[in-house]
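**Student:** Got a structure for you, questions after.
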Amino acid sequence: MALSALVRANFYYIDDVRRAFDGYSGWGDQFSRYLSDFLSHFVHASGFLSDVSPLTTLVAVALLVAASLVLLRALDPAGGGYSPWCLAAVVPLGLSPYFLECLSYKYDAPYMALSVLASVAPLLLWGRGGRWLTVASAVGALAMLTTYQASSGILPMAALFRAALDWRRGAELREALVRVALAAAGYLLAAGAFYLFLMRPVDTYVSSGVADPAAIAQHYATYLGLLVSDLKDGWLAVIAAMAGAFVLGFASGGGRGRAASLLVAVALAAACLLLSFGLYPALSDPLFAPRAMYGFGALVALVAVGGVVTLRGRVWAWAPRALAAVLAYCFVAFALTYGNALHLQGEWERLRRDDVATAVAGVEPEGDGGLMVRLEGSAGYAPAVWSAAEGCGILQRLVPRTLDGDWDPWGWYALQRYYGLDGVTFTGSGADGEDAGGYELVERTAYHELWRRGDDVRVVIL
(Lines give C-alpha, C1' and ligand atoms only; values in the text may rest on other atoms or scores of the structure.)
Protein backbone atom coordinates (compact mmCIF):
# COMPACT_ATOMS: atom_id res chain seq x y z
CA MET A 1 0.00 0.00 0.00
CA ALA A 2 2.77 2.44 0.90
CA LEU A 3 4.24 2.22 -2.60
CA SER A 4 0.95 2.30 -4.51
CA ALA A 5 1.28 6.02 -5.26
CA LEU A 6 4.88 5.56 -6.41
CA VAL A 7 3.82 2.80 -8.82
CA ARG A 8 0.91 4.92 -10.06
CA ALA A 9 3.24 7.85 -10.72
CA ASN A 10 5.00 5.79 -13.43
CA PHE A 11 7.89 8.24 -13.26
CA TYR A 12 11.19 7.75 -15.13
CA TYR A 13 13.57 8.63 -12.33
CA ILE A 14 16.74 10.37 -13.59
CA ASP A 15 18.71 7.82 -15.67
CA ASP A 16 15.63 5.61 -16.06
CA VAL A 17 14.76 7.93 -18.94
CA ARG A 18 17.87 6.79 -20.83
CA ARG A 19 17.68 3.13 -19.85
CA ALA A 20 14.08 2.93 -21.09
CA PHE A 21 15.10 4.38 -24.46
CA ASP A 22 18.43 2.62 -25.00
CA GLY A 23 17.74 -0.58 -23.05
CA TYR A 24 21.23 -0.72 -21.57
CA SER A 25 22.46 -1.77 -18.15
CA GLY A 26 25.98 -0.37 -17.74
CA TRP A 27 26.20 -0.77 -13.95
CA GLY A 28 29.24 -3.02 -14.20
CA ASP A 29 31.22 -0.82 -16.56
CA GLN A 30 30.50 2.35 -14.59
CA PHE A 31 30.33 1.29 -10.95
CA SER A 32 31.54 -2.33 -10.76
CA ARG A 33 28.01 -3.63 -10.09
CA TYR A 34 28.51 -6.76 -12.14
CA LEU A 35 25.83 -8.80 -10.39
CA SER A 36 23.28 -6.09 -11.21
CA ASP A 37 24.26 -6.33 -14.88
CA PHE A 38 23.99 -10.12 -14.87
CA LEU A 39 20.67 -10.36 -13.06
CA SER A 40 19.04 -7.56 -15.05
CA HIS A 41 18.93 -9.72 -18.18
CA PHE A 42 16.88 -12.32 -16.30
CA VAL A 43 14.57 -9.75 -14.69
CA HIS A 44 13.87 -8.14 -18.06
CA ALA A 45 14.00 -11.47 -19.91
CA SER A 46 16.06 -9.87 -22.66
CA GLY A 47 19.42 -8.37 -23.52
CA PHE A 48 17.55 -5.15 -24.24
CA LEU A 49 16.26 -3.86 -20.91
CA SER A 50 12.76 -2.73 -21.79
CA ASP A 51 10.57 -1.11 -19.16
CA VAL A 52 8.91 -3.97 -17.28
CA SER A 53 7.64 -1.90 -14.35
CA PRO A 54 5.96 -2.43 -11.97
CA LEU A 55 7.60 -5.89 -11.98
CA THR A 56 10.94 -4.43 -10.89
CA THR A 57 9.27 -2.60 -8.00
CA LEU A 58 7.47 -5.77 -6.92
CA VAL A 59 10.73 -7.74 -7.03
CA ALA A 60 12.39 -5.07 -4.90
CA VAL A 61 9.54 -5.20 -2.37
CA ALA A 62 9.77 -8.99 -2.16
CA LEU A 63 13.52 -8.79 -1.49
CA LEU A 64 13.00 -6.15 1.18
CA VAL A 65 10.34 -8.25 2.88
CA ALA A 66 12.75 -11.19 2.90
CA ALA A 67 15.51 -8.99 4.32
CA SER A 68 13.17 -7.72 7.05
CA LEU A 69 12.17 -11.24 8.09
CA VAL A 70 15.80 -12.37 8.12
CA LEU A 71 16.78 -9.43 10.29
CA LEU A 72 13.97 -10.11 12.76
CA ARG A 73 14.92 -13.79 13.01
CA ALA A 74 18.57 -12.86 13.53
CA LEU A 75 17.95 -10.33 16.29
CA ASP A 76 15.32 -12.36 18.12
CA PRO A 77 16.06 -16.03 17.38
CA ALA A 78 14.19 -17.46 20.35
CA GLY A 79 11.39 -14.91 20.74
CA GLY A 80 8.38 -13.59 18.88
CA GLY A 81 10.37 -12.05 16.06
CA TYR A 82 7.40 -11.89 13.73
CA SER A 83 5.02 -10.19 16.13
CA PRO A 84 3.10 -7.16 14.78
CA TRP A 85 5.27 -4.89 16.93
CA CYS A 86 8.52 -6.28 15.55
CA LEU A 87 7.14 -6.06 12.02
CA ALA A 88 6.31 -2.40 12.61
CA ALA A 89 9.76 -1.82 14.08
CA VAL A 90 11.56 -3.20 11.02
CA VAL A 91 9.65 -1.01 8.53
CA PRO A 92 12.43 1.65 8.30
CA LEU A 93 14.77 -0.94 6.79
CA GLY A 94 13.01 -0.69 3.43
CA LEU A 95 10.61 2.23 3.76
CA SER A 96 12.77 4.99 5.16
CA PRO A 97 12.62 8.24 3.16
CA TYR A 98 16.15 7.53 2.00
CA PHE A 99 15.39 4.13 0.51
CA LEU A 100 12.41 5.63 -1.33
CA GLU A 101 14.88 7.06 -3.82
CA CYS A 102 16.14 3.54 -4.52
CA LEU A 103 12.59 2.31 -5.02
CA SER A 104 11.95 5.22 -7.39
CA TYR A 105 14.34 3.78 -9.96
CA LYS A 106 12.42 1.44 -12.25
CA TYR A 107 15.64 -0.26 -13.34
CA ASP A 108 17.92 -0.15 -10.29
CA ALA A 109 15.44 -0.94 -7.50
CA PRO A 110 15.70 -4.77 -7.46
CA TYR A 111 19.49 -4.77 -7.15
CA MET A 112 19.53 -2.05 -4.51
CA ALA A 113 17.07 -4.16 -2.51
CA LEU A 114 19.15 -7.28 -3.14
CA SER A 115 22.17 -5.54 -1.62
CA VAL A 116 20.17 -5.13 1.61
CA LEU A 117 19.17 -8.79 1.66
CA ALA A 118 22.74 -9.87 0.92
CA SER A 119 23.91 -7.77 3.87
CA VAL A 120 21.63 -9.41 6.45
CA ALA A 121 21.45 -12.98 5.09
CA PRO A 122 24.82 -14.04 6.64
CA LEU A 123 23.26 -13.60 10.09
CA LEU A 124 21.19 -16.73 9.44
CA LEU A 125 24.41 -18.68 10.01
CA TRP A 126 25.37 -16.72 13.12
CA GLY A 127 24.73 -19.70 15.35
CA ARG A 128 26.88 -22.01 13.22
CA GLY A 129 29.96 -19.87 13.76
CA GLY A 130 33.33 -20.95 12.40
CA ARG A 131 34.02 -20.98 8.71
CA TRP A 132 30.31 -21.02 7.86
CA LEU A 133 29.82 -17.51 9.22
CA THR A 134 33.00 -16.27 7.55
CA VAL A 135 32.07 -17.76 4.18
CA ALA A 136 28.49 -16.47 4.40
CA SER A 137 29.74 -12.98 5.30
CA ALA A 138 32.20 -13.02 2.41
CA VAL A 139 29.55 -14.13 -0.09
CA GLY A 140 27.01 -11.63 1.23
CA ALA A 141 29.50 -8.77 1.20
CA LEU A 142 30.65 -9.58 -2.33
CA ALA A 143 27.03 -9.70 -3.52
CA MET A 144 26.40 -6.35 -1.86
CA LEU A 145 29.51 -4.75 -3.39
CA THR A 146 28.53 -5.93 -6.87
CA THR A 147 24.93 -4.72 -6.60
CA TYR A 148 24.86 -1.48 -4.57
CA GLN A 149 27.63 -0.34 -2.26
CA ALA A 150 25.49 2.02 -0.18
CA SER A 151 24.54 -1.07 1.87
CA SER A 152 28.15 -1.50 2.99
CA GLY A 153 27.42 -0.52 6.58
CA ILE A 154 24.43 -2.81 7.16
CA LEU A 155 26.23 -6.12 7.79
CA PRO A 156 28.69 -4.60 10.31
CA MET A 157 25.83 -2.89 12.16
CA ALA A 158 23.66 -6.01 12.23
CA ALA A 159 26.56 -8.17 13.43
CA LEU A 160 27.34 -5.77 16.28
CA PHE A 161 23.69 -5.63 17.33
CA ARG A 162 23.38 -9.42 17.30
CA ALA A 163 26.58 -9.83 19.32
CA ALA A 164 25.50 -7.19 21.84
CA LEU A 165 22.07 -8.79 22.29
CA ASP A 166 23.67 -12.23 22.71
CA TRP A 167 25.98 -10.81 25.39
CA ARG A 168 23.01 -9.24 27.15
CA ARG A 169 21.21 -12.59 27.11
CA GLY A 170 24.14 -14.19 28.92
CA ALA A 171 26.60 -15.25 26.23
CA GLU A 172 30.27 -14.99 27.08
CA LEU A 173 31.90 -11.77 25.89
CA ARG A 174 34.65 -13.77 24.21
CA GLU A 175 32.11 -15.85 22.28
CA ALA A 176 30.26 -12.75 21.08
CA LEU A 177 33.47 -11.06 20.00
CA VAL A 178 34.68 -14.18 18.19
CA ARG A 179 31.51 -14.23 16.09
CA VAL A 180 31.92 -10.56 15.25
CA ALA A 181 35.52 -11.29 14.24
CA LEU A 182 34.42 -14.21 12.04
CA ALA A 183 31.85 -12.03 10.27
CA ALA A 184 34.37 -9.19 9.96
CA ALA A 185 36.95 -11.57 8.45
CA GLY A 186 34.55 -12.61 5.71
CA TYR A 187 33.49 -9.02 5.09
CA LEU A 188 37.08 -7.76 4.85
CA LEU A 189 38.11 -10.69 2.65
CA ALA A 190 35.34 -9.83 0.18
CA ALA A 191 36.08 -6.10 0.34
CA GLY A 192 39.78 -6.72 -0.29
CA ALA A 193 39.12 -9.00 -3.25
CA PHE A 194 36.65 -6.50 -4.69
CA TYR A 195 39.10 -3.62 -4.32
CA LEU A 196 42.07 -5.50 -5.79
CA PHE A 197 40.47 -7.47 -8.60
CA LEU A 198 36.97 -6.23 -9.42
CA MET A 199 36.59 -2.53 -8.71
CA ARG A 200 36.82 -0.11 -11.60
CA PRO A 201 38.17 3.31 -10.54
CA VAL A 202 35.45 5.94 -10.70
CA ASP A 203 35.78 9.70 -10.93
CA THR A 204 32.40 11.11 -11.96
CA TYR A 205 29.81 12.49 -9.54
CA VAL A 206 31.38 10.12 -7.02
CA SER A 207 35.04 9.18 -6.73
CA SER A 208 36.54 5.87 -5.60
CA GLY A 209 39.70 7.54 -4.27
CA VAL A 210 40.42 7.42 -0.54
CA ALA A 211 40.04 10.64 1.45
CA ASP A 212 42.42 11.90 4.13
CA PRO A 213 41.31 11.85 7.81
CA ALA A 214 40.32 15.52 7.85
CA ALA A 215 38.14 15.05 4.77
CA ILE A 216 36.56 11.92 6.25
CA ALA A 217 35.60 13.87 9.37
CA GLN A 218 34.08 16.59 7.19
CA HIS A 219 32.13 14.01 5.21
CA TYR A 220 30.67 12.59 8.42
CA ALA A 221 29.70 16.10 9.49
CA THR A 222 27.94 16.62 6.15
CA TYR A 223 26.02 13.36 6.43
CA LEU A 224 24.94 14.12 9.99
CA GLY A 225 23.91 17.62 8.98
CA LEU A 226 21.79 16.21 6.16
CA LEU A 227 19.99 13.92 8.60
CA VAL A 228 18.97 16.95 10.63
CA SER A 229 17.92 19.06 7.64
CA ASP A 230 16.24 16.20 5.76
CA LEU A 231 14.07 14.60 8.42
CA LYS A 232 11.07 16.26 10.00
CA ASP A 233 11.43 17.34 13.61
CA GLY A 234 8.68 14.96 14.67
CA TRP A 235 10.45 12.01 13.05
CA LEU A 236 13.71 12.92 14.74
CA ALA A 237 11.95 13.16 18.08
CA VAL A 238 10.41 9.68 17.66
CA ILE A 239 13.75 8.22 16.55
CA ALA A 240 15.50 9.79 19.55
CA ALA A 241 12.82 8.37 21.86
CA MET A 242 13.26 4.94 20.24
CA ALA A 243 16.99 5.14 20.88
CA GLY A 244 16.29 6.02 24.49
CA ALA A 245 13.92 3.06 24.82
CA PHE A 246 16.57 0.75 23.39
CA VAL A 247 19.24 2.00 25.78
CA LEU A 248 16.81 1.69 28.70
CA GLY A 249 15.81 -1.83 27.73
CA PHE A 250 19.37 -2.94 27.07
CA ALA A 251 20.68 -1.57 30.36
CA SER A 252 17.96 -3.12 32.51
CA GLY A 253 16.59 -6.60 32.90
CA GLY A 254 19.46 -8.44 31.24
CA GLY A 255 22.02 -10.74 32.73
CA ARG A 256 24.68 -8.03 32.99
CA GLY A 257 25.42 -5.14 35.30
CA ARG A 258 23.47 -1.98 34.62
CA ALA A 259 26.53 0.27 34.24
CA ALA A 260 28.28 -2.10 31.83
CA SER A 261 25.10 -2.62 29.82
CA LEU A 262 24.48 1.13 29.61
CA LEU A 263 28.02 1.70 28.36
CA VAL A 264 27.69 -1.05 25.74
CA ALA A 265 24.32 0.26 24.52
CA VAL A 266 25.55 3.83 24.11
CA ALA A 267 28.79 2.74 22.44
CA LEU A 268 26.86 0.42 20.12
CA ALA A 269 24.46 3.17 19.03
CA ALA A 270 27.29 5.67 18.46
CA ALA A 271 29.43 3.21 16.48
CA CYS A 272 26.51 2.14 14.33
CA LEU A 273 25.57 5.74 13.58
CA LEU A 274 28.97 6.13 11.93
CA LEU A 275 28.74 2.71 10.26
CA SER A 276 25.31 3.53 8.83
CA PHE A 277 26.92 5.58 6.05
CA GLY A 278 29.02 2.60 5.03
CA LEU A 279 32.24 3.13 3.13
CA TYR A 280 31.14 6.40 1.53
CA PRO A 281 32.66 8.84 4.06
CA ALA A 282 36.09 7.37 3.29
CA LEU A 283 35.84 8.26 -0.41
CA SER A 284 37.55 11.38 -1.68
CA ASP A 285 34.31 12.51 -3.34
CA PRO A 286 31.38 10.65 -1.73
CA LEU A 287 27.75 10.59 -2.75
CA PHE A 288 25.40 12.60 -0.53
CA ALA A 289 22.17 11.84 -2.40
CA PRO A 290 19.35 10.25 -0.37
CA ARG A 291 19.98 6.85 -1.98
CA ALA A 292 23.44 6.86 -0.36
CA MET A 293 22.04 7.30 3.15
CA TYR A 294 19.52 4.49 3.60
CA GLY A 295 21.91 2.79 5.99
CA PHE A 296 20.46 5.19 8.55
CA GLY A 297 17.05 3.60 7.97
CA ALA A 298 18.64 0.21 8.70
CA LEU A 299 20.06 1.61 11.93
CA VAL A 300 16.63 2.94 12.94
CA ALA A 301 15.17 -0.51 12.29
CA LEU A 302 17.88 -2.16 14.41
CA VAL A 303 17.28 0.27 17.28
CA ALA A 304 13.50 -0.11 17.05
CA VAL A 305 13.61 -3.92 17.02
CA GLY A 306 16.19 -3.86 19.81
CA GLY A 307 13.89 -1.72 21.94
CA VAL A 308 10.89 -3.99 21.37
CA VAL A 309 12.94 -7.12 22.14
CA THR A 310 14.77 -5.89 25.23
CA LEU A 311 11.68 -4.42 26.89
CA ARG A 312 9.40 -7.35 26.09
CA GLY A 313 7.48 -8.40 29.19
CA ARG A 314 8.50 -5.28 31.10
CA VAL A 315 6.26 -2.51 32.41
CA TRP A 316 7.59 -0.16 29.71
CA ALA A 317 7.07 -2.66 26.88
CA TRP A 318 4.36 -0.45 25.39
CA ALA A 319 6.78 2.46 24.79
CA PRO A 320 9.00 1.01 22.01
CA ARG A 321 5.95 -0.68 20.48
CA ALA A 322 4.02 2.57 20.29
CA LEU A 323 7.02 4.47 18.95
CA ALA A 324 7.67 1.82 16.29
CA ALA A 325 4.02 1.93 15.19
CA VAL A 326 4.02 5.74 15.05
CA LEU A 327 7.21 5.91 12.97
CA ALA A 328 6.01 3.15 10.64
CA TYR A 329 2.78 5.07 10.05
CA CYS A 330 4.73 8.30 9.41
CA PHE A 331 6.93 6.57 6.84
CA VAL A 332 3.93 4.98 5.11
CA ALA A 333 2.20 8.36 4.94
CA PHE A 334 5.35 10.00 3.60
CA ALA A 335 5.79 7.28 0.96
CA LEU A 336 2.28 8.02 -0.30
CA THR A 337 2.95 11.77 -0.23
CA TYR A 338 6.16 11.29 -2.18
CA GLY A 339 4.58 9.02 -4.78
CA ASN A 340 1.81 11.52 -5.40
CA ALA A 341 4.37 14.33 -5.59
CA LEU A 342 6.25 12.40 -8.28
CA HIS A 343 3.01 12.03 -10.23
CA LEU A 344 2.39 15.77 -10.07
CA GLN A 345 5.98 16.53 -11.02
CA GLY A 346 5.80 14.17 -13.98
CA GLU A 347 2.64 15.84 -15.26
CA TRP A 348 4.19 19.29 -14.80
CA GLU A 349 7.40 18.45 -16.62
CA ARG A 350 5.52 16.74 -19.43
CA LEU A 351 3.51 19.93 -19.92
CA ARG A 352 6.65 22.05 -19.94
CA ARG A 353 8.57 19.72 -22.25
CA ASP A 354 5.65 19.64 -24.68
CA ASP A 355 5.70 23.43 -24.64
CA VAL A 356 9.42 23.57 -25.48
CA ALA A 357 9.17 20.83 -28.12
CA THR A 358 6.25 22.59 -29.83
CA ALA A 359 8.15 25.88 -29.90
CA VAL A 360 11.30 24.29 -31.34
CA ALA A 361 9.33 22.26 -33.88
CA GLY A 362 8.02 25.54 -35.32
CA VAL A 363 11.52 26.86 -36.09
CA GLU A 364 12.66 26.20 -39.66
CA PRO A 365 16.43 25.77 -40.07
CA GLU A 366 18.17 28.11 -42.48
CA GLY A 367 20.94 25.73 -43.45
CA ASP A 368 21.49 21.99 -43.87
CA GLY A 369 23.12 21.47 -40.49
CA GLY A 370 19.93 21.51 -38.47
CA LEU A 371 19.24 23.46 -35.29
CA MET A 372 21.41 23.71 -32.19
CA VAL A 373 19.06 24.42 -29.28
CA ARG A 374 20.51 25.62 -26.00
CA LEU A 375 18.21 25.11 -23.03
CA GLU A 376 18.44 27.62 -20.18
CA GLY A 377 16.59 27.86 -16.91
CA SER A 378 14.49 25.23 -15.19
CA ALA A 379 10.84 24.25 -14.97
CA GLY A 380 11.37 23.83 -11.23
CA TYR A 381 8.88 22.04 -9.05
CA ALA A 382 5.21 21.71 -9.92
CA PRO A 383 3.34 24.34 -7.88
CA ALA A 384 1.58 21.71 -5.75
CA VAL A 385 4.87 19.87 -5.16
CA TRP A 386 6.59 23.03 -4.01
CA SER A 387 3.77 23.68 -1.59
CA ALA A 388 4.24 20.20 -0.07
CA ALA A 389 8.06 20.32 -0.18
CA GLU A 390 8.45 23.69 1.51
CA GLY A 391 9.90 22.97 4.91
CA CYS A 392 10.47 19.26 4.11
CA GLY A 393 14.11 18.90 3.15
CA ILE A 394 13.97 15.25 2.15
CA LEU A 395 11.05 15.77 -0.23
CA GLN A 396 12.94 18.58 -1.94
CA ARG A 397 15.94 16.29 -2.37
CA LEU A 398 13.90 13.31 -3.57
CA VAL A 399 11.79 14.93 -6.29
CA PRO A 400 14.03 15.56 -9.33
CA ARG A 401 13.68 18.47 -11.73
CA THR A 402 14.44 16.89 -15.08
CA LEU A 403 13.78 19.89 -17.32
CA ASP A 404 16.79 21.98 -16.43
CA GLY A 405 19.44 23.56 -18.63
CA ASP A 406 22.09 23.14 -15.94
CA TRP A 407 21.69 19.37 -15.46
CA ASP A 408 23.79 17.55 -18.06
CA PRO A 409 22.41 15.42 -19.68
CA TRP A 410 19.23 14.59 -17.78
CA GLY A 411 17.87 18.13 -18.00
CA TRP A 412 17.15 17.75 -21.72
CA TYR A 413 17.58 14.03 -22.50
CA ALA A 414 13.83 13.38 -22.87
CA LEU A 415 13.52 16.33 -25.27
CA GLN A 416 16.37 14.97 -27.37
CA ARG A 417 15.23 11.37 -27.60
CA TYR A 418 11.48 11.14 -26.99
CA TYR A 419 10.03 13.79 -29.32
CA GLY A 420 11.40 12.77 -32.72
CA LEU A 421 12.71 16.25 -33.53
CA ASP A 422 14.95 15.33 -36.47
CA GLY A 423 17.79 17.70 -37.14
CA VAL A 424 17.60 19.25 -33.67
CA THR A 425 20.42 18.92 -31.14
CA PHE A 426 19.77 19.99 -27.57
CA THR A 427 22.42 21.14 -25.18
CA GLY A 428 22.59 22.93 -21.86
CA SER A 429 23.09 26.48 -20.74
CA GLY A 430 26.83 26.08 -20.23
CA ALA A 431 27.61 24.64 -23.66
CA ASP A 432 31.01 25.72 -24.96
CA GLY A 433 30.76 29.11 -23.27
CA GLU A 434 28.56 30.26 -26.14
CA ASP A 435 28.35 34.01 -26.63
CA ALA A 436 24.79 35.09 -25.86
CA GLY A 437 25.01 38.18 -28.07
CA GLY A 438 23.34 38.64 -31.46
CA TYR A 439 20.18 36.68 -30.68
CA GLU A 440 16.79 37.97 -31.74
CA LEU A 441 13.72 37.38 -29.58
CA VAL A 442 11.30 35.33 -31.67
CA GLU A 443 8.68 34.30 -29.15
CA ARG A 444 7.73 34.94 -25.54
CA THR A 445 5.03 33.02 -23.66
CA ALA A 446 4.17 32.48 -20.03
CA TYR A 447 6.46 29.42 -20.03
CA HIS A 448 9.42 30.28 -22.25
CA GLU A 449 11.34 32.74 -24.39
CA LEU A 450 12.76 31.62 -27.75
CA TRP A 451 15.75 33.49 -29.14
CA ARG A 452 17.40 32.85 -32.49
CA ARG A 453 20.67 33.61 -34.23
CA GLY A 454 20.67 31.76 -37.52
CA ASP A 455 20.39 28.08 -36.69
CA ASP A 456 21.46 28.63 -33.09
CA VAL A 457 18.42 28.76 -30.82
CA ARG A 458 18.15 29.62 -27.14
CA VAL A 459 15.09 28.49 -25.19
CA VAL A 460 14.84 30.16 -21.83
CA ILE A 461 12.47 28.33 -19.50
CA LEU A 462 10.59 30.81 -17.36
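The values are calculated or read from the model by the stated rules, or taken from the named source; none is laboratory data. The structure displayed is predicted, hence computed values, not measured ones. We place every Cβ from the backbone using ideal geometry, glycine too, and count neighbours over all the protein chains shown. Surface areas here come from the heavy atoms of the whole protein model, side chains and all, with no ligands, DNA or RNA. Shrake-Rupley method; radii C 1.70, N 1.55, O 1.52, S 1.80 Å.
**Student:** Treat every Asp and Glu Cβ in the range 12-77 as -1 and every Lys and Arg Cβ as +1, leave all other atoms uncharged, and give the resulting dipole magnitude about the Cα centre to the nearest 20 debye.
**Tutor:** Working: 4 positive and 7 negative charges, 31 e Å.
So the dipole magnitude of the range 12-77 works out to roughly 140 debye.
**Student:** For a quick protection proxy, order the peptides 267-274, 440-447, 83-90, 305-312 by their average other-Cβ count within 10 Å, most packed first. Show your work: numbers first, answer last.
**Tutor:** On the way: 267-274: 16.9, 440-447: 11.2, 83-90: 22.1, 305-312: 26.4.
Ranking the peptides 267-274, 440-447, 83-90, 305-312 by packing returns 305-312, 83-90, 267-274, 440-447.
**Student:** Scattering from the C-alpha atoms of the range 1-95 alone, worked out with Debye: what is log10 I(q)/I(0) at q = 0.13 1/Å?
**Tutor:** -0.61
**Student:** Here is a follow-up. Counting each DSSP H run of 4 or more residues in the chain as -39500 (n - 2.57), what helix-only mean residue ellipticity at 222 nm follows after dividing by all residues, to the nearest 500 deg cm²/dmol?
**Tutor:** On the way: 20 runs with 266 residues, N = 462.
About -18500 deg cm²/dmol.
**Student:** In addition: For a label point 7 Å from the Cα of Leu58 along Cα→C-beta, name the residues of the range 31-46 whose backbone N is under 16 Å from it.
**Tutor:** Only 43-45 fall inside the zone, counting backbone N under 16 Å.
**Student:** With +1 on each Lys and Arg Cβ and -1 on each Asp and Glu Cβ, how big is the dipole of the range 332-427 about its Cα centre, in debye rounded to the nearest 20? Mind dumping the intermediate values first?
**Tutor:** Details: 7 positive and 13 negative charges, 94 e Å.
That gives a dipole near 460 debye.
**Student:** I'd like the antiparallel share, as a percent to the nearest 5, of DSSP beta bridges with both residues in the chain.
**Tutor:** Working: 14 of 24 bridges.
Counting only bridges with both partners in the chain, antiparallel ones make up about 60 percent.
**Student:** Once fully extended, how much extra length lies between Val442 and Val139, figured as 0.36 nm per residue of separation less the alpha-carbon to alpha-carbon distance?
**Tutor:** Values: separation 303, 0.36 × 303 = 109.08 nm, distance 6.15 nm.
Full extension from Val442 to Val139 adds 102.9 nm.
**Student:** Residues of the range 114-145 with amide nitrogen under 12 Å from the 7 Å Cα-to-Cβ point of Phe197?
**Tutor:** Inside the label zone: nothing.
**Student:** Tell me which of Leu49, Tyr24, Leu63 sits at the most positive position along the dipole axis of the range 7-63, charges placed on C-beta atoms (Lys, Arg +1; Asp, Glu -1).
**Tutor:** Leu63
**Student:** Which value, in debye to the nearest 20, gives the size of the charge dipole of the chain about its Cα centre, when Lys and Arg are +1 and Asp and Glu are -1 at the Cβ?
**Tutor:** Details: 32 positive and 38 negative charges, 655 e Å.
Its charge dipole is roughly 3140 debye.
**Student:** Between the range 223-289 and the range 47-102, what is the separation of their alpha carbon centroids in Å?
**Tutor:** If we compute the Cα centre of each part, the gap is 21 Å.
**Student:** Over the chain, what percent of the accessible surface lies on carbon and sulfur atoms, probe 1.4 Å? Mind showing how you got there, number by number?
**Tutor:** Numbers: 12150 of 19300 Å².
The C+S portion of the solvent-accessible surface of the chain is 63 percent.
**Student:** Sorting check: for 181-188, 361-368, 389-396, which peptide has the highest mean count of neighbouring beta carbons within 10 Å, and how do the rest follow?
**Tutor:** Working: 181-188: 20.1, 361-368: 10.9, 389-396: 17.2.
Sorting 181-188, 361-368, 389-396 by mean packing, highest first, produces 181-188, 389-396, 361-368.
**Student:** Using the alpha-carbon atoms, what tilt in degrees (0 to 90, nearest 10) does helix 233-251 show relative to the longest principal axis of the chain?
**Tutor:** The angle comes out at about 20 degrees.
**Student:** Per residue, how much accessible surface does the chain expose to a 1.4 Å probe? Answer in Å², no decimals. Please report the intermediate quantities before stating the final value.
**Tutor:** Numbers: 19300 Å² over 462 residues.
Normalised by residue count, the accessible surface of the chain is 42 Å².
**Student:** Ok, one more. Sort 239-246, 193-200 for me by packing, meaning the mean count of neighbouring Cβ atoms within 10 Å per residue, highest on top.
**Tutor:** Numbers: 239-246: 20.2, 193-200: 12.6.
The most tightly packed comes first, giving 239-246, 193-200.
**Student:** Could I ask something else about it? Give the long-range amide H neighbours of Ser207: residues separated by 5 or more places, or on another chain, with amide H under 5 Å away, using H modelled in the peptide plane at 1.01 Å from N.
**Tutor:** HN-HN under 5 Å from Ser207: Asp285.
**Student:** In the chain, if the dipole is taken from +1 on Lys/Arg beta carbons and -1 on Asp/Glu beta carbons about the Cα centre, which of Ala357, Tyr148, Phe296 is farthest to the positive end?
**Tutor:** Comparing the listed Cα positions along the dipole, Phe296 ranks first.
**Student:** Please determine, in degrees from 0 to 90 and to the nearest 10, the orientation of helix 173-193 with respect to the longest principal axis defined by the Cα atoms of the chain, where the helix direction is its Cα long axis.
**Tutor:** Computed tilt is about 30 degrees.
**Student:** Tilt of helix 109-120 relative to the longest C-alpha principal axis of the chain, in degrees (0 to 90, nearest 10)?
**Tutor:** The two axes meet at around 20 degrees.
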